[in-house]
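**Student:** Below you'll find the structure I mean.
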Amino acid sequence: MNPQAVLSLGQQGLYVMLMVAAPILGVVLLVGLVVSVFQAATQINEATLSFIPKLIATVAVIALAGPWMLTTLVEFIQRTLRAIPSVLS
């Protein structure tokens, strides 16, 4: 296996990881920002006020985008496993 193939595979893996994680991270970031603005406006400093909405948003995104995320990961793994014979020869 040459270094170019390893770097290409690593790059593809990082890209897929970023694509799969982006919806969750984006929604949690947005919810955290909204909760922080709310806490700053009302001066409520309760830790669970920031944790619970993020947890609910994460579960909602996984419920909505979970099938797409799983399909994307499975397709990447299948492509990688199918490419093993051509990379080794």
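The values are calculated or read from the model by the stated rules, or taken from the named source; none is laboratory data. It should be emphasised that the depicted structure is a prediction, and the values quoted were computed from it without experimental measurement. Glycine gets a Cβ as well: all are built from the backbone with ideal geometry, and neighbour counts include every protein chain shown.
For every residue, the table says whether it meets (1) small (Gly, Ala, Ser); (2) modelled with pLDDT of 95 or more; (3) in contact with a Lys or Arg (Cβ under 8 Å, 6 or more places away or on another chain); (4) within 30 Å of Ile84 (Cα to Cα).
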residue	(1), (2), (3), (4)
Ala21	yes, yes, no, yes
Ile24	no, yes, no, no
Ser36	yes, no, no, no
Ala41	yes, no, no, no
Ala63	yes, yes, no, no
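**Student:** If you don't mind, there's one more thing I want to ask. Tell me, please, whether a residue that is free of Cβ contacts under 8 Å to residues at least 60 places away in the same chain and either of a type in the set (Asp, Glu) or under 30 Å from Met1 (Cα atoms) (or both) can be found in the stretch 53-63.
**Tutor:** Taking every residue of the stretch 53-63 in turn, none turns out to be free of Cβ contacts under 8 Å to residues at least 60 places away in the same chain and either of a type in the set (Asp, Glu) or under 30 Å from Met1 (Cα atoms) (or both).
**Student:** Which pairs have Cβ atoms under 9 Å, sit 6 or more apart or on different chains, and link a residue in the stretch 1-25 that is closer than 30 Å to Ile62 by Cβ to one that is polar (S, T, N, Q) and surrounded by 13 or more Cβ atoms within 10 Å (Cβ to Cβ)?
**Tutor:** Pairs that qualify, where the first residue is closer than 30 Å to Ile62 by Cβ and the partner is polar (S, T, N, Q) and surrounded by 13 or more Cβ atoms within 10 Å (Cβ to Cβ), are Leu9/Thr80; Gln12/Thr80; Gly13/Thr80; Val16/Thr72; Met19/Thr72; Val20/Thr72; Ile24/Thr58.
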